[in-house]
Amino acid sequence: MTITSIKKSKGNKPLVMVTAYDALFARLIEPSADIILVGDSLNMSFAGKADTLSATLDQMIYHTNAVCMGAESSFVVCDMPFGTYVNKDEALKNAIKVFQETNADSVKIEGGVDKADIVKHLTSNGIAVCGHIGLLPQAFRSEGGYKVKGKTQEEKSSLIEDAKAIEKAGAFCIVMEGVKADIAKDIAQSVNVPIIGIGAGVDVDGQVLVFSDMLGLFEAFTPKFVKKYLDGAALVKEAIASYAKEVEDKNFPKEEHTY
Ligand code: KIV
């Protein structure tokens, strides 16, 4: 995929976005995904923290490099972590660092109208930007939890303004999280760039899921919007328990595993 083909997919083909944090999973995800997102959700499912806020730029760069190694021909988006785009200059300095130290094709920034000037500054300086509107995980502490958006007419209007502002600022696509489905449909129809939903219903231009959620590996909590395509945690625990039993019973290694 390229920026051009991603934009052209609107109205033609739903986009498939999946997160990855390392080369191992990136290689497994690459054949089926249009876009791989190195999400700052890695701070929770990889680093075990309670939210995404303490993810650092160096951490994102490290994981983005691993993903780019595993999925060399994928379109890779690197999440800009909390605190790295507080103003235009900081945002550009940090996004340039991502582009110079990784092969990421784009960065992702959370926010709407309030971040439009920052998105514009990045896009006009050669940095491709994927927006992120609706429920903003980086606002988890300031909003007192994860809040589904689009419940009132006022929220609907402000989400449409957010989408339009981010599109006008030059973003090539927008992730939209935790928005009532009927509202999400109207928002997707109000812009010309693809809206990739997560917890935003089916009437958008694509879907994104966190790989450790969809593979059933992340057990701390499961948001309503997650479908588990694999019972990964149970399978992994069962496999490790079999190995442990065979080691304890001296049934592993066998002849065929021995030099
Ligand atoms: O960090 C992440 O994985 C994300 C997705 C939830 C879209 O931003």
Restricting to bridges with both residues inside region 1-152, how much of the DSSP beta-bridge set is antiparallel, in percent to the nearest 5? 5
In the chain, which longest range has no trypsin sites (Lys or Arg not before Pro) that are both DSSP loop (not H, G, I, E or B) and surrounded by at most 11 other Cβ atoms within 10 Å? 1-140
Semi-axes of the equivalent ellipsoid for region 45-129, Cα gyration tensor, largest first, Å: 20, 17, 10
Taking Cα atoms only, helix 57-70 is inclined relative to the longest principal axis of the chain by an angle, in degrees rounded to 10, of 60
Using only alpha carbon positions, build the gyration tensor of region 3-228, then give the equivalent ellipsoid semi-axes as the square roots of 5 times its eigenvalues, largest first, whole angstrom. 23, 20, 18
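Among the listed pairs Lys156/Lys185; Lys10/Lys151; Lys164/Lys185; Lys10/Lys120; Lys88/Lys108, which have their C-alpha atoms separated by more than 20 angstrom in this model?
Violating the 20 Å limit, Cα to Cα: Lys10/Lys151; Lys10/Lys120.
Ignoring ligands, DNA and RNA, please state the percent of accessible area on the chain from carbon and sulfur, probe 1.4 Å.
Exposed carbon and sulfur together represent 55 percent of the surface.
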Where chymotrypsin sites (Phe, Trp or Tyr not before Pro) fall in DSSP loop in region 169-223, at most 10 other Cβ within 10 Å: Phe221
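Can you tell me how much longer the chain between His257 and Asn192 gets when fully stretched, taken as 0.36 nm per residue apart minus their C-alpha distance, in nm with one decimal?
17.7 nm
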Counting only DSSP beta bridges with both partners in the chain, the antiparallel fraction in percent, to the nearest 5, comes to 5
Setting aside same-chain residues fewer than 8 positions from Lys49, which lysines have a Cα under 20 Å from its Cα? Lys147
Would you mind estimating how fast region 94-192 diffuses translationally, via Stokes-Einstein at 20 °C and 1.002 mPa s with the Kirkwood radius over Cα pairs, in µm²/s? 154
Enter the Cα centre distance for the pair region 193-210 and region 53-108, rounded to the nearest angstrom. 22
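The values are calculated or read from the model by the stated rules, or taken from the named source; none is laboratory data. In this text, all values refer to a predicted model and were calculated from it rather than measured experimentally. Positions of Cβ are backbone-derived with ideal geometry, glycine not excepted, and every protein chain shown enters the neighbour counts. Accessible surface areas use protein heavy atoms only, side chains included; no ligands, DNA or RNA. Shrake-Rupley method; radii C 1.70, N 1.55, O 1.52, S 1.80 Å.
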